[in-house]
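Read through the structure below, which is laid out as structure tokens, and then see the notes.
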Amino acid sequence: MSDTARLILEGQEYEFPVLTGAENEKAIDISKLRGTTGYITLDPGFKNTGSTQSGITYLDGENGILRYRGYSIEELAEKASFMEVAYLLIYGDLPNSDQLAYFTDSITHHTLVHENMKRFFDAFPLGAHPMGMLSSMVASLSTFYPESQNPNRDITDIELTIHRLIAKMPTLAAQAYKHNVGLPTMYPKNNLSYVGNFMHMMWGVPAEDYEVDPIIESALNKLFILHADHEQNCSTSTVRVVGSSQANLYSSVSAGVSALWGPLHGGANQAVIEMLEAIRAEGSPLQSWIDRAKDKTDSFRLMGFGHRVYKNFDPRARIIKKAADDVLGQLGINDPVLDIAKQLEEVALHDEYFVKRGLYPNVDFYSGIIYRALGIPTDMFTVMFALGRLPGWIAQWKEMTENREPIGRPRQVYTGATQRDFVALNNRS
Ligand code: CMC
């Protein structure tokens, strides 16, 4: 097979290299396109555009395959701890016991945040959305740790920044929650696991010992792993583009948190529960909601359905659906919203509109039901996604930095006015 692609433009033929990825994915390298032809490509939403060559996550949307550094998501969710997966994503291989002990110990000892940050939280209005607070707080970490701004990309500074960010993100997330509901914040506890410590800071109260429930700890561990990376999605691309200007890791990840917040991306988990609650409250037949989602004059979409890359099924959704059943069963919770979700899925999966477009439940469809069962308020769902996605954002930022990728700067096709002369104010109609 030819390893070049030929393009004929205005009667002239050009050749461009064809690349093949490790899993036989094909790409035409058009990095020299404009220089040789004067043309650019137009691809809104980057539906066909590879922005980088990455060795972190493999995703096959047609066959519902997701692997981190070669390991299947199913196996990692079943057998690994979130710390192992974080290490795997960031450093490329599973840690041996010494490496894991060092990594975990370093993260455990950076969990405190500067006391001044409490004053930032105090300034937010009561009920402030935790994603807005988290994004601001993550960016502000760079002001406390100026070595993160070192543009020379010193390896020791980068390493310290990575460990600090992984360590402090759950502290900030839990503080955002406590501020949102008006409760006193809890200091981290070093004898707990990463997930257990987060639970303690979320649900613990001063002067009382918080007991970590292993069912909840294990469910959160699994959820974090399932969210840990997803190649070049909206927030990850944001992190890479912001980082490509040599912005520090904290600022880059803060931008990722903001990108994740939108309801078409990570904010969908909150939107799903709100939709299911509305269906429940209204009591109208499910078909009427499906009809609305299909109606092009109605802006309503079935939240938690569809994916840019998965057109068959989302492997994360399969695992989460089972986990939702398990967790609710173990905790003895009967959530009517879970039944509505299952009915909605059934109806949508047999409806021609959804089948034809390959619209299946995605990761966000069932995750909110677990979060609810675990006692996490709806406003915090996307924060949970952010906590899980953090190692992926870091790994992608680090890879981009190590590869010394050029600054991200797309082109455009200009459609505005052509040159015209300035008209004095009194001569304008
Ligand atoms: N409900 C109804 N119709 C839909 C939906 C939906 N949830 N999703 C896509 N469609 C239709 C869309 O109208 C279009 O129809 P047509 O071809 O007739 O114009 C077709 O399906 C293709 O959709 P698209 O918007 O071109 O696809 P996209 O790749 O640009 O968008 C998406 C992907 C995830 C933004 C979209 O499916 C969506 O809005 N889903 C609901 C929000 C959601 O659940 N987001 C979470 C995604 S998973 C978590 C993550 O990793 O971010």
Out of all the residues in segment 57-69, which are at positive phi and open to solvent by 60 Å² or more (accessible area, probe 1.4 Å)? ARG69
For ASN334, only one of the following conditions fails: (1) at pLDDT below 95; (2) in a helix (DSSP H, G or I); (3) more than 9 Å from the ligand (Cβ to nearest atom). What is its number? (2)
For ALA259, are the conditions met, namely being under 30 Å from VAL181 (Cα atoms), near the ligand (Cβ under 10 Å from one of its atoms) and at pLDDT below 95? no
It is to be established whether one or more residues within segment 378-393 are buried (at least 24 other Cβ atoms within 10 Å of the Cβ) and either without any contact (Cβ under 8 Å) to a residue 60 or more places away in the chain or β-branched (Val, Ile, Thr) (or both). yes
Given ALA5, ALA22, which one is within 28 Å of the chain's Cα centre (by Cα) and either among the aromatic types (Phe, Trp, Tyr) or modelled with pLDDT of 95 or more (or both)? ALA22
Among the residues of segment 213-230, write down those that are among the β-branched types (Val, Ile, Thr) and surrounded by fewer than 18 Cβ atoms within 10 Å (Cβ to Cβ). ILE215
If you go through segment 72-95 one residue at a time, do you hit one that is closer than 30 Å to ALA219 by Cβ, touching an Asp or Glu at 6+ places or on another chain (Cβ under 9 Å) and among the acidic types (Asp, Glu)? no
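Out of everything in segment 227-242 that is among the small types (Gly, Ala, Ser) and more than 11 Å from the ligand (Cβ to nearest atom), what residue ends up being nearest to the chain's Cα centre (by Cα)?
ALA228
Residue-by-condition table, conditions (1) within 16 Å of the ligand (Cβ to nearest atom); (2) closer than 30 Å to THR161 by Cβ:
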residue: ASP351; (1), (2): yes, no
residue: ARG372; (1), (2): no, no
residue: ILE394; (1), (2): no, yes
residue: TRP397; (1), (2): no, yes
Does segment 279-296 hold any residues that are within 11 Å of the ligand (Cβ to nearest atom), open to solvent by 80 Å² or more (accessible area, probe 1.4 Å) and under 20 Å from LEU349 (Cβ atoms), and which are they? ARG292
Sort through TYR87, TYR102 and tell me the only one that's assigned by TED's automatic domain parsing to the domain that holds MET201 and either more than 18 Å from the chain's Cα centre (by Cα) or without any contact (Cβ under 8 Å) to a residue 12 or more places away in the chain (or both). TYR102
Out of (1) near the ligand (Cβ under 8 Å from one of its atoms); (2) surrounded by fewer than 12 Cβ atoms within 10 Å (Cβ to Cβ), the odd one out for GLY266 is which? (2)
Helices (runs of 4 or more DSSP H) enclosed by segment 72-176 - at least 2 residues per element that are surrounded by fewer than 16 Cβ atoms within 10 Å (Cβ to Cβ): 73-79, 97-108, 116-123, 130-144
Considering only residues that are small (Gly, Ala, Ser) and buried (at least 23 other Cβ atoms within 10 Å of the Cβ), which ones fall in segment 297-315? GLY304
Pairs under 7 Å by beta carbon, first residue closer than 26 Å to LYS47 by Cβ in segment 234-254, partner outside any loop (DSSP other than H, G, I, E, B) and modelled with pLDDT under 95, six or more apart or different chains? GLY243/THR401
Regarding ARG34, is this residue assigned to a strand (DSSP E or B) and open to solvent by 50 Å² or more (accessible area, probe 1.4 Å)? no
Sole residue being in contact (Cβ under 8 Å) with a residue 40 or more places away in the chain and open to solvent by 60 Å² or more (accessible area, probe 1.4 Å), chosen from TYR187, TYR194: TYR187
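The values are calculated or read from the model by the stated rules, or taken from the named source; none is laboratory data. Worth saying up front: this structure is predicted, and the values here are computed from it rather than measured. Don't worry about glycine lacking a Cβ; one is built from the backbone with ideal geometry, like all the others, and counts go over all protein chains shown. Just so you know, the surface numbers come from the protein's heavy atoms only, side chains and all, with ligands and any DNA or RNA stripped out. Shrake-Rupley method; radii C 1.70, N 1.55, O 1.52, S 1.80 Å.
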